[in-house]
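Trainee: Right, I'll just put the structure down here and ask away after.
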Amino acid sequence: DTAVSQTPKYLVTQMGNDKSIKCEQNLGHDTMYWYKQDSKKFLKIMFSYNNKELIINETVPNRFSPKSPDKAHLNLHINSLELGDSAVYFCASTLTAGSSYNEQFFGPGTRLTVL
Amino acid sequence: QKEVEQNSGPLSVPEGAIASLNCTYSDRGSQSFFWYRQYSGKSPELIMSIYSNGDKEDGRFTAQLNKASQYVSLLIRDSQPSDSATYLCAVRGDSNYQLIWGAGTKLIIKP
């Protein structure tokens, strides 16, 4: 029974296309995150939602738009894809953002390749 | 700018030896510290968390925290080839909402 799941696992697309990645967690957590991990393996926070409210909105192109329909789901829509968007995108969740014990649990990742 | 620094490696350790991974952080007010392991092509997996000064042991893993020196380390005893992975250090900064991540240390255990 997967705790944090993402779809799709792989996404290959052409420059200029629009695509979405979906994330779901069944841990009962309040807070979810989107990370980007590039070829150098550095994890960069992009967005975070706490109970459907956006709480972290790092400096990313406005082509990236997160959406949280409920606290168990967090989606990421990317418009006008560029070559530099190629990376692995991880979804993560934590019990609650305000807790000192902010252990985050990760989904399996979505490997996006833009051609 | 809050930072977490790790030596990128690779750190090569013979099988059965102790692997020592180090991490320093810039935010003196940090309260929570985490070690994640990431195998190639997989997602980060939490292996240790530590919140107070001193040592915390879990099986072959020991996390060590020294807040005065702003230093956290991970020791892996009796290293196995299956321990070969990238180890990510993460620190909860002054905002409760996010972790500050290091770039990771690649560990190679040689049989």
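The values are calculated or read from the model by the stated rules, or taken from the named source; none is laboratory data. A quick note: this is a predicted structure, and the numbers were derived from the prediction, not measured. Using ideal geometry, Cβ is built from the backbone for each residue, glycine included, and neighbour counts are taken over all protein chains shown. Accessible surface areas use protein heavy atoms only, side chains included; no ligands, DNA or RNA. Shrake-Rupley method; radii C 1.70, N 1.55, O 1.52, S 1.80 Å.
Trainee: Can you give the local net charge around A:LEU95? Use residues other than it whose beta-carbon is closer than 10 angstrom to its beta-carbon, Lys and Arg +1, Asp and Glu -1.
Mentor: -2
Trainee: Let me ask another. Leaving out same-chain residues fewer than 8 places away, which lysines sit with a Cα under 25 Å from that of A:LYS52?
Mentor: A:LYS9, A:LYS19, A:LYS22, A:LYS36, A:LYS44, A:LYS67, A:LYS71
Trainee: Right, next: Taking the Cβ of A:ASN51 as the center, what net charge do the other residues with Cβ under 12 Å away carry, scoring Lys and Arg +1 and Asp and Glu -1?
Mentor: Here the count lands on -1.
Trainee: Excluding residues fewer than 8 places away in the same chain, name every one of the lysines whose C-alpha is closer than 18 Å to that of B:LYS67.
Mentor: Candidates past the 8-residue exclusion: B:LYS2, B:LYS56.
Trainee: Another question, if that's okay. Near B:LYS106, which aspartates and glutamates are there with a Cα under 20 Å away, not counting those fewer than 8 places off in the same chain?
Mentor: Partners found: A:ASP38, B:GLU3, B:GLU5, B:GLU15, B:GLU45, B:ASP78, B:ASP83.
Trainee: Whenever you get a sec, line up B:TYR51, A:TYR10, B:TYR87 from highest to lowest accessible area (probe 1.4 Å, protein heavy atoms).
Mentor: From most exposed to least exposed: A:TYR10, B:TYR51, B:TYR87.
Trainee: For peptide A:90-98, compute the average count of partner chain beta-carbon atoms within 10 Å of each residue's beta-carbon.
Mentor: What the average comes to for A:90-98 is 2.
Trainee: For the range B:1-95, with every protein chain kept in place, what is the accessible area per residue (1.4 Å probe, Å²)?
Mentor: On a per-residue basis, the range B:1-95 sits at 47 Å².
Trainee: Using a Förster radius of 45 Å, what is the FRET efficiency between B:LEU75 and A:ARG63 based on their Cβ-Cβ separation? Nearest 0.05, please.
Mentor: So the FRET efficiency works out to roughly 0.55.
Trainee: Alpha carbons only, please: Rg and Dmax for chain B, in angstrom.
Mentor: 13.4, 42
Trainee: Whole percent per 10 Å bin, from 0 to the bin with the longest distance: what is P(r) over all C-alpha pairs of the range A:63-115?
Mentor: 21, 43, 28, 8, 0
Trainee: Another question, then. Along Cα→Cβ, 7 Å out, is where each label goes; now give me the distance between the ones at B:GLU15 and A:LYS9 in nm to one decimal.
Mentor: Placing both labels 7 Å beyond Cα along the Cβ direction yields 2.9 nm.
Trainee: May I pose another question? By DSSP, what percent of the beta bridges with both residues in chain A are antiparallel, rounded to the nearest 5?
Mentor: 90 percent
Trainee: Right, here's the next one. Between A:PHE42, A:PHE64, A:PHE90, where does the largest GNM mean-square fluctuation fall for chain A, given springs only between Cα atoms within less than 10 Å?
Mentor: Highest fluctuation among the options: A:PHE42.
Trainee: Net charge around A:LEU11, counting only other residues with Cβ within less than 9 Å of its Cβ (Lys, Arg = +1; Asp, Glu = -1)?
Mentor: So the surrounding residues net to +3.
Trainee: Tell me, how many Å apart are the Cα centres for the range B:49-72 and for the range A:79-108?
Mentor: 25 Å
Trainee: D for the protein assembly as shown, whole µm²/s, Stokes-Einstein with Kirkwood Rh over alpha-carbon pairs at 4 °C and 1.567 mPa s: what number?
Mentor: It comes out at roughly 72 µm²/s.
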